[in-house]
Amino acid sequence: MKAQELREKYLKFFESKGHTIIPSASLVPRETDTSTLFTTAGMHPLVPYLLGEEHPGGKRVASVQKCVRTGDIDDVGDNRHNTFFEMMGNWSFGDYFKKEAIVWSFEFLTGKEWLGLDPKRLYVTTFKGENGIPRDETAIEVWKSVFEKAGMDVAVAGEDEIIKDDIRIIPLGTEDNFWIAGATGPCGGDTEMFYDMRPEEGNLEGKFGELVDSFRIMEIWNNVFMEFNKTADDQYEKLAKPNVDTGMGVERTLTVLAGEYTVFETELFQPLFEKIAEVSGSGYQDSDETKKAFRIVADHIKAGVFMLADGVTPLNVGRGYVLRRIIRRAVRYGKLLGIEKNFTQVIAVVVIEMYQDFYPELEKNKTVIFSELEKEENKFRQTLEKGLKEFNKLSAITAAEAFNLYQSYGFPLEMTEELSKEKGFAVDKEEFAAEFKKHQNLSRTASAGAFKGGLQAAGEMETKYHTATHLLLAALREILGEETYQKGSNITAERLRFDFNYPKKLSPEQLKQVEDLVNQKIQEGLTVELKEMSKDEALKLAKVSFDPAKYGDIVKVYSIGDFSIELCGGPHVQNLIELGHFKIKKEEASSAGVRRIKAVLEK
Ligand code: SER
């Protein structure tokens, strides 16, 4: 089955069940929705209706929605993750509920005139009950009865989550089977449908999570039963009328229908791979590395083309920054495949051809798409040149330097390794991985949750907060006096927290002056310069005193104009404009004579 036929079938099926078909909304969320940078699910544009507003299409609607999720960007390249994907969905706004939703899902999946999938390869999860919300017995009963009608007697898994014999229903906790788009909003328990990808390996047996991880079963559809609205103070308010929100991935469903193991084997990737092979001279199957690079290039350029069609342009902040990052990542991986000339437009032509029937905005905006790709690719190639110059100055390479090349110039480790080989020195892979992990782990713990829905990678946010911390200290010293020093600092992907010596509470005027000064510097768009020098030299130069014993003989000095000059390990942003808007959220006492400021960066 072709993608277009699948989309049409889905919409036709739900039209026959009384749904109004609505077009895909833009990838850019409506202005009042600041919860994520991009539309991350079919339900996203429908949140007001899930909270009770009346939809012009009535109480039942269905759509195929284009989506972008960048939270999993590092997973692109495995079998099933994409940053761009399409989600088919049907919704009930206070109309039908669990029974109809499940019965229809089963009918669409297994009905001969619909997808005709084998019910014997189908497994489902349900909500097992947690946090005061009871186990979903209704979903279990309905599933049992639909399977029974198909002549199958199915059983429910126990706490061990093991599938074997007749077990096809697996109750799982909040982590797996409770759905919410961001931190707050409409939410509820869900039931998810999985398909056995390799029945030739014999009867399915094993722990649910392990079967998913080994790609033996793959999720294709999620039915969320939205009964609550989660408020900012973590309360679950019962909605006046419960809703249904479902999401079925086009790419994954096509994979299952084609009997393939990965989404990349389907017609939504193959034409792109052919073009990439043509321009690179490399083959998809050449090695694990080329496979991964093909997948990343195809996925990222596709996502980029759709973002550009919806009016996003490459920038150093917000949405534009995500676009910039994915285009650059595609170019980098293209380089690994041996592509030295601009190529993103050639791939974009194929993306437009593949998708224009269903998404006419692509053809309509192709001039902008091409010109922005051209500009961005040129810019990045220049940055790469600068990075190469930095690289060429080195006479050996440490893990920290390799990381800095990655952070400041977007050099992936693979590229640094290659270049190092040419120059005859080696990168200590393990050391680099440790350096890298340090940064990543920081971001993972801080970001679980809030960044799930496609905000910028948390590591990047922390880098921004790190630079903002330098600006804050410099501003405090200017407003409160030179004798102000750092007493503590803590950064997460969501905020900075900074402690400093000052004898009394800061007045609202002082806080405003500090905030304004930081924002003024950001607006000036100063660059952050990194120099390495001897500790003695650094001591003379740095504006902020520090404990010299803590540093080695050669130190890094980060300076922002002559506003801030600090000894620091980094990393930092390249240009202050990347920071967006700086806002102080709170000023309070930390201990005697020490004040604490919490501040955030806004778009
Ligand atoms: N909102 C749910 C999801 O994205 C179902 O559409 O999985």
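The values are calculated or read from the model by the stated rules, or taken from the named source; none is laboratory data. Owing to the predicted nature of the structure, the values given are computational and were not obtained by experimental measurement. Counting neighbours? That spans all protein chains shown, and the Cβs are built from the backbone with ideal geometry, glycine included.
Data table
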| read-out | value |
| --- | --- |
| Criterion: out of contact with any Asp or Glu (no Cβ under 9 Å at 6 or more places or on another chain) and either crowded, with 20+ Cβ neighbours inside 10 Å or not acidic (Asp, Glu) (or both) - qualifying residue of Pro45, Pro56 | Pro56 |
| The range 235-249 - residue that is away from the ligand (no atom under 13 Å from the Cβ) and not in a loop (DSSP other than H, G, I, E, B) and, of those, nearest to the chain's Cα centre (by Cα) | Tyr236 |
| Residue that is farthest from the chain's Cα centre (by Cα), among those in the range 178-207 that are of a type in the set (Val, Ile, Thr) and within 11 Å of the ligand (Cβ to nearest atom) | Thr191 |
| When residues of the range 454-473 are limited to those that are small (Gly, Ala, Ser) and modelled with pLDDT under 95, the one farthest from Val28 (Cα to Cα) | Gly459 |
| Scope the range 562-603; condition in a loop (DSSP other than H, G, I, E, B), in contact (Cβ under 8 Å) with a residue 40 or more places away in the chain and more than 14 Å from Ile491 (Cα to Cα); matching residues | Phe563, Cys568, Gly569, Val573, Gln574, Gly580, Gly593, Lys603 |
| In the range 213-234, residue modelled with the lowest pLDDT [restricted to those that are more than 12 Å from the ligand (Cβ to nearest atom) and of a type in the set (Val, Ile, Thr)] | Thr231 |
| Which numbered condition Ala155 fails, given (1) exposed (fewer than 15 other Cβ atoms within 10 Å of the Cβ); (2) within 12 Å of the ligand (Cβ to nearest atom); (3) of a type in the set (A, V, I, L, M, F, W, C) | (2) |
| Selection count, the range 400-428, where residues are over 23 Å from Ala293 (Cβ atoms), hydrophobic (A, V, I, L, M, F, W, C) and crowded, with 18+ Cβ neighbours inside 10 Å | 0 |
| The one condition in (1) modelled with pLDDT under 95; (2) under 26 Å from Thr40 (Cα atoms); (3) out of contact with any strand residue (DSSP E or B) (no Cβ under 8 Å at 6 or more places or on another chain); (4) not charged (D, E, K, R) that Asn82 fails to fulfil | (3) |
| Selection status of Val322, part of a helix (DSSP H, G or I) and touching a residue at least 60 places away in the same chain (Cβ under 8 Å) | yes |
| Residue satisfying condition, being in contact with a helix residue (DSSP H, G or I) (Cβ under 7 Å, 6 or more places away or on another chain), within 14 Å of the ligand (Cβ to nearest atom) and among the hydroxyl-bearing types (Ser, Thr, Tyr), within set Thr36, Thr110, Thr125, Thr83 | Thr125 |
| Answer from Thr191, Thr174 - the residue that is surrounded by 15 or more Cβ atoms within 10 Å (Cβ to Cβ), hydroxyl-bearing (Ser, Thr, Tyr) and at pLDDT below 95 | Thr174 |
| Options Glu210, Glu175; residue that is more than 16 Å from the ligand (Cβ to nearest atom), without any contact (Cβ under 8 Å) to a residue 24 or more places away in the chain and not in a loop (DSSP other than H, G, I, E, B) | Glu210 |
| Count of residues meeting criterion [assigned to a loop (DSSP other than H, G, I, E, B), over 14 Å from Ala277 (Cα atoms) and touching a residue at least 24 places away in the same chain (Cβ under 8 Å)] in the range 342-360 | 4 |
| Pairs where the first residue, in the range 73-99, is on the phi < 0 side of the Ramachandran plot and the second is in a loop (DSSP other than H, G, I, E, B) and among the acidic types (Asp, Glu), C-beta under 9 Å, 6+ apart | His81/Asp72; Asn82/Asp72; Thr83/Asp72; Phe93/Glu53; Phe93/Glu54; Lys98/Asp136 |
| Residue match in the range 478-500 (condition: buried (at least 21 other Cβ atoms within 10 Å of the Cβ) and more than 30 Å from Ala400 (Cα to Cα)) | no |
| Residues being surrounded by fewer than 21 Cβ atoms within 10 Å (Cβ to Cβ) and part of a loop (DSSP other than H, G, I, E, B) - total across the range 253-281 | 6 |
| Those residues of the range 6-51 which are within 15 Å of Tyr359 (Cβ to Cβ) and of a type in the set (Ser, Thr, Tyr), in sequence order | Ser24, Ser26, Thr39 |
| Selection within the range 52-80 - part of a loop (DSSP other than H, G, I, E, B) and either aromatic (Phe, Trp, Tyr) or within 14 Å of the ligand (Cβ to nearest atom) (or both) | Arg69, Gly71, Asp72, Arg80 |
| Options Asp166, Asp234, Asp190; residue that is closer than 15 Å to Ile133 by Cα and free of Cβ contacts under 8 Å to residues at least 40 places away in the same chain | Asp234 |
